[in-house]
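Beneath this line is the structure, given in structure tokens, with notes to follow.
The values are calculated or read from the model by the stated rules, or taken from the named source; none is laboratory data. Quick caveat, the model's predicted, so the values are computed rather than measured. Neighbour counts are summed over all protein chains in view; Cβ atoms, including those assigned to glycine, are modelled from backbone coordinates with ideal geometry. Remember, those area values only see protein heavy atoms, side chains included, never the ligands or the DNA or RNA. Shrake-Rupley method; radii C 1.70, N 1.55, O 1.52, S 1.80 Å.
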Amino acid sequence: MKIQWQTRRSLVMALLMAAFAAQPVLADGKLNVVAATTDLGSLVSEVGGDRVSVTAIARGYQDPHFVEAKPSFLLNLRRADLVVVVGLELEIGWLPPLITQSGNPKIQPAAPGYFDASRFAEILEIPTAQVSRAMGDVHPQGNPHYWLDPKNGLRVATGLAQKLTQMSPGNAAYFQQRLEDFRRRLTDAERRWDDAMKPYRGRKVVTYHQSWPNFVKRFGLQVVDYVEPRPGIPPSPAHVVELIALMKRQGVKLILVEPYFDLKTPQSVARETGGQVVVLMPSVGGDKDTGDYIKLFDYDVNLLVRAFQQAK
Amino acid sequence: MPHAFPRAALILLLAAGLPVGVARAQSPPAPQPAEDPQKAQEERLRKLEEEVQALKAAQAAPRAEAPPLGGAGGSAAKALNPDISLNGDFRGSVGRNDVRPVPGLEMHEAELGLQSVIDPYSRGDVFLSFGDGGVSVEEAFVTLTALPGEFVARVGKLRAAFGKVNATHNHALPWTDRPLVTENLVNGEDGISDMGLSVSRILPAPGDLFLEATAQVFRGDSGDLFKSSRKNDLSFVGHLRGYEDLTENTNLELGYSYAQGHNDLGHDFLTKLHGVDVSLRWKPLRRSIYNSLLWRTELVWSRRDQLPVQQRAFGFYSSLEYRLDQRWTLGGRYDWSERAAQSSQLDRGASALLTYWMSEFSQVRGQYRFTRYDGHQDASELRLQLVFVLGAHGAHPF
């Protein structure tokens, strides 16, 4: 019996040792960061440079509401020092079970390694009255597409610099210097985008989903209606008829669509109204020319300017 | 109300400052003239008023310039309440099934979900099921998220990690029923669901292979499948799953499950189950809300101790689901299963399904189901289902 007990104890010890031996070790002293989206991943890279290793879960051409909670994401999450989320329930359909199952206490909600970027951004469309699902797939805490205003990109980057500094104080000066460099490049780029968009301020557009409030506010456009009758609800024939009439009445020529939505309905509306469909990229990496946060706006602003020129 | 506190503090300071000033002014020896205390008091009041004005101005200025940051909004007051959801499952049936009949119309289940983080170390998930049979606890468990060594533990009442279907709640199934192999070998709709403890961990594996092991120990009661007649009649479930992304759009998952427990014949009679599950998914990222394909097959082997001889039974199902567009999903399933207590009895069936998604929060499903029970009793049914969710729409496990 004694031998059996010793054997069992050895087995338990071996299992425990194997478990702890598999603990993550920081590669080259870098912080492991997992971002929910490529946009946040790009902002982490801007600030963290080569002192962080960044992985993004949702791809840039993917609808971030409908990511599959694939087990392969757990391989990165279990070794993450920091997880950066969009928040405002954008990832509610897939991220919470991944974080729970990760076996990583550092990144659980409210732990030091959980960074909710929405806390640093200007959030639009925060409901001031009772909301219900009759309004569609609404976000009760405000519109989560806030990264589409470069001012919010800078605010989030500033918050990230503070967080990375807390986690790696030895690199504080490095993160601060990179933040300042990003601020300078972004400010220069904003002047360029403002100049390009200046002739088109006040123009009316239609968007597919309610994804662009921060973008249109920043660049002075007006959204008059959506292809979806309500967020997340597919367009009905009656709504399409109303939309066509509205666009004709108000002389709206552009329909802005994300790359993951079906183009069939927007194109038929555009044909009826003499307008055109513009497939804007809502996220970094959605196209080969949108490799980082600044390039994303370069891409979208250039596309819009060309579209407005053609729509004269 | 971020400015309310300093303002209230200043009022308190003003109130507290008066008697202090008077007391100080009255304390001898005072080199100042007799009217000084009053002047000092007036001067102090004036300065405090100036400070109040300056603070008000300082608070007003940035509020006018800076946008409100963060999006907690009006829901902040409810932030500490758990997420509450209710999943409804209403069913109707036409046609004939003399072997396992179902009601023509039934509110099959209303499942109330309460989910929340408990503290920095754990979260809680409770699902109460209200149906024709009364109220039952579908699941109620605490997940310990801060264990060392990358372990994740669950304690409470759980649906066991035996294959894929057993752990899935009714409203999340792609069918209106459960496969025949579940009905015959894995305790029907309730499945292996019991009070116990579960520990899982991702295992080291080569390349991008995801490998996870789960070990569970239960009290030993799961309907007709496991019955604990003594305190130490525990049941055990083990699950090993491997997953790999074949491409960005396609992935393959393989699982092996084992379950063992004492059956309803007593302490000396065991039932042992082995299960294999395979899932192949295709879901193009750019088109994921419009098109996807899932092929899933589960095979179960049962070995039940009973008199006069042990029964060995086998069963499986194979199903296919294809999402045609944002609203329509087409599916089919083939069933083949022997019965656990009498393996010479064989049931077979086939189903065709069509699901209409009104939105992410409600769907209508129709299932035509043909079943040949024990090789000669035929049942032909059309089953309809309305599934809806109220409140928070939590994520389903992969």
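Filter region B:273-291 down to the residues that are closer than 15 Å to B:P174 by Cβ and surrounded by 18 or more Cβ atoms within 10 Å (Cβ to Cβ), then identify the one that is nearest to the other protein chains (Cβ to nearest Cβ).
B:K283
Taking A:R79, is it within 7 Å of chain B (Cβ to nearest Cβ) and closer than 24 Å to A:E46 by Cα? Spell out how you get there, then give the answer.
Values: within 7 Å of chain B (Cβ to nearest Cβ): no; closer than 24 Å to A:E46 by Cα: yes.
Answer is no for this residue.
Please pick out the residue among A:D225, A:D300, A:D188 that is within 22 Å of the chain's Cα centre (by Cα) and not polar (S, T, N, Q). Break it down stepwise before answering.
Numbers: A:D225 fails: within 22 Å of the chain's Cα centre (by Cα); A:D188 fails: within 22 Å of the chain's Cα centre (by Cα).
Unique residue meeting the criteria: A:D300.
Any residue in region B:336-363 that is without any contact (Cβ under 8 Å) to a residue 24 or more places away in the chain and within 14 Å of chain A (Cβ to nearest Cβ) sitting within a Cβ distance under 9 Å of a residue that is open to solvent by less than 50 Å² (accessible area, probe 1.4 Å) and not in a strand (DSSP E or B)? List the pairs, counting only those 6 or more apart or interchain.
B:S359/A:G136; B:S359/A:D137; B:S359/A:G232; B:S359/A:I233; B:S359/A:P234
Only one residue in A:L75, A:L88, A:L98, A:L43 is closer than 18 Å to B:K283 by Cβ, hydrophobic (A, V, I, L, M, F, W, C) and either in contact (Cβ under 8 Å) with a residue 40 or more places away in the chain or assigned to a helix (DSSP H, G or I) (or both), so which one is that?
Values: A:L75 fails: closer than 18 Å to B:K283 by Cβ; A:L88 fails: closer than 18 Å to B:K283 by Cβ; A:L43 fails: closer than 18 Å to B:K283 by Cβ.
The conditions single out A:L98.
Of (1) surrounded by 17 or more Cβ atoms within 10 Å (Cβ to Cβ); (2) modelled with pLDDT of 95 or more, A:G286 satisfies all except one. Which?
With respect to (1) surrounded by 17 or more Cβ atoms within 10 Å (Cβ to Cβ); (2) modelled with pLDDT of 95 or more, A:G286 is out only on (2).
Please go through region A:63-84 and give me each residue that is among the β-branched types (V, I, T) and closer than 20 Å to B:D119 by Cα, ordered by number.
Our first condition is that a residue be among the β-branched types (V, I, T); within region A:63-84, this holds for A:67, A:83-84.
Across region A:63-84, the qualifying residue is only A:V83.
When the residues of region A:158-185 are narrowed to those that are within 14 Å of chain B (Cβ to nearest Cβ) and in contact (Cβ under 8 Å) with a residue 12 or more places away in the chain, which ends up surrounded by the fewest Cβ atoms within 10 Å (Cβ to Cβ)? If you could, list the steps in order and put the result at the bottom.
Our first condition is that a residue be within 14 Å of chain B (Cβ to nearest Cβ); within region A:158-185, this holds for A:158-159, A:162.
Right, trim to in contact (Cβ under 8 Å) with a residue 12 or more places away in the chain and you get A:158-159.
On the way: A:T158: 16, A:G159: 20.
In this case the residue turns out to be A:T158.
Just one of (1) in a strand (DSSP E or B); (2) open to solvent by 20 Å² or more (accessible area, probe 1.4 Å); (3) at pLDDT 95 or above trips up B:R333, so point out which.
The single condition B:R333 does not satisfy is (2).
Residues are listed down the side, and each one gets a yes or a no for (1) more than 30 Å from A:N104 (Cβ to Cβ); (2) at pLDDT 95 or above; (3) in contact with a Lys or Arg (Cβ under 7 Å, 6 or more places away or on another chain); (4) crowded, with 19+ Cβ neighbours inside 10 Å:
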residue	(1), (2), (3), (4)
B:W175	yes, yes, yes, yes
B:T182	yes, yes, no, yes
B:D190	yes, no, no, yes
B:M195	no, yes, yes, no
B:L203	no, yes, no, no
B:K231	yes, no, no, no
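Can you find a residue in region A:232-241 that is away from chain B (no Cβ under 14 Å), of a type in the set (A, V, I, L, M) and open to solvent by less than 40 Å² (accessible area, probe 1.4 Å)?
yes
Residues being within 11 Å of chain A (Cβ to nearest Cβ) and out of contact with any helix residue (DSSP H, G or I) (no Cβ under 8 Å at 6 or more places or on another chain): count how many of those fall in region B:140-188.
3
With the structure loaded, tell me whether A:K151 is within 30 Å of A:L75 (Cα to Cα), open to solvent by 30 Å² or more (accessible area, probe 1.4 Å) and within 10 Å of chain B (Cβ to nearest Cβ) or whether it fails that test.
Numbers: within 30 Å of A:L75 (Cα to Cα): no; open to solvent by 30 Å² or more (accessible area, probe 1.4 Å): yes; within 10 Å of chain B (Cβ to nearest Cβ): yes.
Against the criterion (within 30 Å of A:L75 (Cα to Cα), open to solvent by 30 Å² or more (accessible area, probe 1.4 Å) and within 10 Å of chain B (Cβ to nearest Cβ)), A:K151 does not qualify.
Mind listing whichever residues of region A:90-112 are at positive phi and more than 9 Å from chain B (Cβ to nearest Cβ)?
From region A:90-112, those at positive phi are A:103, A:110; that's our starting set.
Correct list: empty.
Quick check on my filter: what residues within region B:252-272 are open to solvent by less than 50 Å² (accessible area, probe 1.4 Å) and within 14 Å of another protein chain (Cβ to nearest Cβ)?
Those that are open to solvent by less than 50 Å² (accessible area, probe 1.4 Å) and within 14 Å of another protein chain (Cβ to nearest Cβ): B:E253, B:G255.
Can you find a residue in region A:29-49 that is crowded, with 23+ Cβ neighbours inside 10 Å, touching a strand residue (DSSP E or B) at 6+ places or on another chain (Cβ under 6 Å) and facing another protein chain (nearest Cβ under 8 Å)?
No, region A:29-49 contains no residue that is crowded, with 23+ Cβ neighbours inside 10 Å, touching a strand residue (DSSP E or B) at 6+ places or on another chain (Cβ under 6 Å) and facing another protein chain (nearest Cβ under 8 Å).
When the residues of region A:112-133 are filtered to those that are polar (S, T, N, Q) and farther than 30 Å from A:L82 by Cα, which remaining residue is least open to solvent (accessible area, probe 1.4 Å)?
Of region A:112-133, the ones polar (S, T, N, Q) are A:118, A:128, A:130, A:132.
In the following step, the residues that additionally are farther than 30 Å from A:L82 by Cα were identified as A:128, A:130, A:132.
Details: A:T128: 143, A:Q130: 153, A:S132: 53 Å².
If we take residues in region A:112-133 being polar (S, T, N, Q) and farther than 30 Å from A:L82 by Cα, then A:S132 is least open to solvent (accessible area, probe 1.4 Å).
Looking at the structure I just gave you, is B:V309 assigned to a loop (DSSP other than H, G, I, E, B), away from chain A (no Cβ under 14 Å) and not charged (D, E, K, R)? Spell out how you get there, then give the answer.
Numbers: assigned to a loop (DSSP other than H, G, I, E, B): yes; away from chain A (no Cβ under 14 Å): yes; not charged (D, E, K, R): yes.
Criteria met by B:V309.
For the subset of region B:294-309 comprising residues that are surrounded by fewer than 14 Cβ atoms within 10 Å (Cβ to Cβ) and free of Cβ contacts under 8 Å to residues at least 40 places away in the same chain, which member is farthest from B:A172 (Cα to Cα)?
Restricting to residues being surrounded by fewer than 14 Cβ atoms within 10 Å (Cβ to Cβ) and free of Cβ contacts under 8 Å to residues at least 40 places away in the same chain, the top hit is B:P308.
If you go through region A:292-310, how many residues are at pLDDT below 95 and touching a Gly at 6+ places or on another chain (Cβ under 7 Å)?
Selection size over region A:292-310: 0.
Listed here are the residues, each with its yes/no results for (1) within 14 Å of chain A (Cβ to nearest Cβ); (2) among the acidic types (D, E); (3) within 25 Å of B:L158 (Cα to Cα).
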| site | (1), (2), (3) |
| --- | --- |
| B:V94 | no, no, no |
| B:P101 | no, no, no |
| B:H108 | no, no, yes |
| B:L112 | no, no, yes |
| B:D119 | yes, yes, yes |
| B:S122 | yes, no, yes |
| B:S129 | no, no, yes |
| B:D132 | no, yes, yes |
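Out of region A:113-137, which residues are under 26 Å from A:G41 (Cβ atoms), part of a loop (DSSP other than H, G, I, E, B) and either hydrophobic (A, V, I, L, M, F, W, C) or more than 10 Å from chain B (Cβ to nearest Cβ) (or both)? Give the steps one after another, and end with the answer.
Within region A:113-137, the subset under 26 Å from A:G41 (Cβ atoms) is A:113-126, A:137.
Okay, now just the ones that are also part of a loop (DSSP other than H, G, I, E, B), so A:113, A:121, A:123-126, A:137.
Matches in region A:113-137: A:G113, A:A121, A:I123, A:L124, A:I126.
Out of the residues in region B:373-398 meeting the condition of being over 13 Å from B:N87 (Cβ atoms) and within 14 Å of chain A (Cβ to nearest Cβ), tell me which one is surrounded by the most Cβ atoms within 10 Å (Cβ to Cβ).
Initial filter on region B:373-398 (over 13 Å from B:N87 (Cβ atoms)): B:373-384, B:395, B:397-398.
Next, only the ones that are within 14 Å of chain A (Cβ to nearest Cβ) stay: B:395, B:397-398.
Numbers: B:A395: 16, B:P397: 15, B:F398: 20.
Among residues in region B:373-398 that are over 13 Å from B:N87 (Cβ atoms) and within 14 Å of chain A (Cβ to nearest Cβ), the one surrounded by the most Cβ atoms within 10 Å (Cβ to Cβ) is B:F398.
Any chance region B:319-328 includes a residue that's open to solvent by 20 Å² or more (accessible area, probe 1.4 Å), away from chain A (no Cβ under 14 Å) and among the basic types (K, R)?
There is no residue in region B:319-328 that is open to solvent by 20 Å² or more (accessible area, probe 1.4 Å), away from chain A (no Cβ under 14 Å) and among the basic types (K, R).
Please go through region A:229-260 and pick out each residue that is modelled with pLDDT under 95 and hydrophobic (A, V, I, L, M, F, W, C).
A:I233
Assuming A:D188 fulfils every condition listed in (1) crowded, with 18+ Cβ neighbours inside 10 Å; (2) at pLDDT 95 or above apart from one, which condition is it?
So the condition that A:D188 fails would be (1).
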